[in-house]
Amino acid sequence: MEAPVALTVGIVFGAGVYLVLQRNLLRFVFGLILISGAVNVSIFVAGRLTRGASPFVPEGAVAPPAGSANALPQALILTAIVIGFGLTVFAIVLLLRTYERLGTVRTDELPERLDDPRPVDRNGDAPAGAPRPRPMPQGGTVPRTGPSGTDARDDGEGAP
Amino acid sequence: MSWLVIAPILLPLAASAVAFVLHRRPALQRGWALATTAATLAASLALLAEVSRGGIVATTLGGWPAPFGITFVADHLSAILVVVGAVMALATAAYALADVDAGREGLGYHPLFLVLVAGVHGAFLTGDLFNLYVWFEVLLIASFALLTLGSGRAQLEGGVKYVAVNLVSSLFFLAAIGLTYGLTGTLNMADLAGALRDAPPNLVTLLAMLFLVAFGIKAAIFPLFFWLPASYHTPPTAVAAYFAGMLTKVGVYALLRAFTLLFTGDVAWTHGVLAVLAGFTMVVGVLGAAAQNEMRRILAFHIVSQIGYMILGLALYTPLALAGALFYLVHNVVAKANLFFVAGLVRRVAGSSDLDAVGGLYRHRPWLAIGFLVPAFALAGFPPLSGFWAKLLVVLAGLEAGAWLLVVLALGTGLLTLYSMTKIWQRAFWAPAPEGLELRRDAPAAMVVPVAALAGVTILMGVAVEPFLALAQAAAAEMMDPARYVAAVLGEGGTP
């Protein structure tokens, strides 16, 4: 029973690695999601697969009967899923914000956009990386652009 | 159970919840963060005193005995690092009073910082591999938010790299945990120490390499360090200084723990790999720094280079080398964070930390120059400052072990470190100020006091080296004898 699941983990992991190696950050995030799924399943398999025996403790006993499923990996995976969910959401929001402020989600284009004061509006239908024909007023079409002085390139000390 | 072990985690964690509630009262929030970090420092000092008096302290949560419950363990290594973490947290909280702007405060800088501190301390104190993963994620998510808080362009560009690489590292760590569990059926570190000894050695070495990649990314060792110089110069100085001081050191701690407690079965191979990586890390980091021209970028590359010395100490794996690695770690946290603080002051006073744009600071701000000189010379290894003893210990251990090549690399790296530091010194402080440079504002006291205090620690560690060295040696003795750790967690010697 373990072998086909392990094979599946390998395939999903491989697909995830392929996506992670892409230059498009959205694909990168999809790759992360795939890998984190594969890792979770591998933890599940690591606890050994047992069919049909729930790890319930019978009344009066102090331990589940022999041969019942291992409950610990499920607790671990549950924790890992919750954490992975939070991190994935953060990564997606970061990606969205990066697209809003820098106008691209391609890793090789990010550095050159640093000095390029060309904000992209949220509903813009131009593809990532396409040149923007009209310069927009700073902060005009980008909602909630951080607190203060955030348009400077080095805004470590962005005190107003 | 002993509350003292988890106090350095609980205090900042609980305080961050209160700080969230206070988000409309920034003045109160600042004072609260300062008070909390001070209390955390007091608690961690008490913990260190307890550990040096009565040996390793262990406690399990929820009343489940180890290895079933989640264990928290404070040995010398953990307790020392928690004290260092608390000192840095206090210094950063003070520095942030003047450095973090109102906008970032409104977005929750203080609560996030306290969560970060709790995560770092949790990672140092936990005795359970999966719990270590959880604390890593706690500190990661807080650091993600702190790094990108305010959404400056440069911050986002650096943040994307930092987040992406660290997420991959977490997945490696999680996969390694899953395979470890499959192999041994336990995740309690003390229990694992025994279980891994009985497991097939080739599989254990495979796991060791997986953990090496996962922790190596966090610790920024060669060839996994590229995210660090790409992101650490972007956030506000207070954030960057704490990151520079503590976050990579959490990875170094995890390596120290894993390769002294868990993976000691095939030292010739695992620690041989570490030695090669240490050599490359030292040299590549310092060469990267030599090519940079902005203070914070230079310092970021030096973080990488100095991680190499710590890994070198671990790779040599003798009591003297481990003591040297730990001493180096403590010295480096203090000196490195202080240099970031100084770089922030230079930005504040001169408006930039680009070496082409500043100059003449020695003439106009002599105290700032001295504040830079102390940690910079410590970093380069000048006697009688802390860095001299740190380098001396590691080099002595290297000579003892006959690792000539690594000793030569370590000394050469020290010279090149000196080159970088003199470059900053000469161009920012000695060279005449460039045309049109106006020294705008005076340095606020909240930013000067942490710099002076940390410089004091650096001098103290160099002049009164005895007690610090004794602590480092006690920690090294515990690391070389994992049986004591195991007995404290699993034996009767655990909780009172």
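The values are calculated or read from the model by the stated rules, or taken from the named source; none is laboratory data. Here the structure is a predicted model, which means the values were calculated and not measured. So basically every Cβ, Gly included, is an ideal-geometry build from the backbone, and we count neighbours across all protein chains shown. Remember, those area values only see protein heavy atoms, side chains included, never the ligands or the DNA or RNA. Shrake-Rupley method; radii C 1.70, N 1.55, O 1.52, S 1.80 Å.
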Practice item. Restrict the check to the range A:75-84 and report whether at least one residue is within 19 Å of A:ALA6 (Cα to Cα), in a loop (DSSP other than H, G, I, E, B) and within 10 Å of another protein chain (Cβ to nearest Cβ). Key: no
Practice item. Report yes if A:VAL89 is within 28 Å of B:PHE136 (Cα to Cα), at pLDDT 90 or above and open to solvent by 50 Å² or more (accessible area, probe 1.4 Å), otherwise no. Key: yes
Point to revise | Any helices (runs of 4 or more DSSP H) falling wholly within the range B:380-496 and containing at least 1 residues that are of a type in the set (Asp, Glu) and open to solvent by 20 Å² or more (accessible area, probe 1.4 Å) | key: B:386-401, B:465-480
Check your understanding: Just to be sure, is B:ALA268 open to solvent by 10 Å² or more (accessible area, probe 1.4 Å) and closer than 18 Å to B:LEU207 by Cβ?
Key -> yes
Exercise for review: Name the single residue, out of those in the range B:205-238 being part of a helix (DSSP H, G or I), touching a Phe, Trp or Tyr at 6+ places or on another chain (Cβ under 7 Å) and more than 14 Å from chain A (Cβ to nearest Cβ), that is surrounded by the most Cβ atoms within 10 Å (Cβ to Cβ).
Suggested key: B:ALA208
Exercise for review: Return a yes/no flag: does the range B:140-155 have any residue that is within 12 Å of chain A (Cβ to nearest Cβ), touching a strand residue (DSSP E or B) at 6+ places or on another chain (Cβ under 8 Å) and not in a helix (DSSP H, G or I).
Suggested key: no
Check your understanding: Of (1) more than 10 Å from chain A (Cβ to nearest Cβ); (2) buried (at least 21 other Cβ atoms within 10 Å of the Cβ); (3) of a type in the set (Asp, Glu), B:ASP198 satisfies all except one. Which?
Key -> (2)
Review point. Can you find even one residue in the range B:158-172 that is crowded, with 24+ Cβ neighbours inside 10 Å, out of contact with any Ser or Thr (no Cβ under 7 Å at 6 or more places or on another chain), facing chain A (nearest Cβ under 7 Å) and touching a residue at least 40 places away in the same chain (Cβ under 8 Å)?
Key: no
Exercise for review: Name the one entry in B:PRO450, B:PRO434 that is within 20 Å of the chain's Cα centre (by Cα) and under 21 Å from B:TYR362 (Cα atoms).
Suggested key: B:PRO450
Check your understanding: If we keep just the residues of the range B:12-28 that are part of a helix (DSSP H, G or I) and in contact (Cβ under 8 Å) with a residue 60 or more places away in the chain, which is surrounded by the fewest Cβ atoms within 10 Å (Cβ to Cβ)?
Key -> B:ALA17
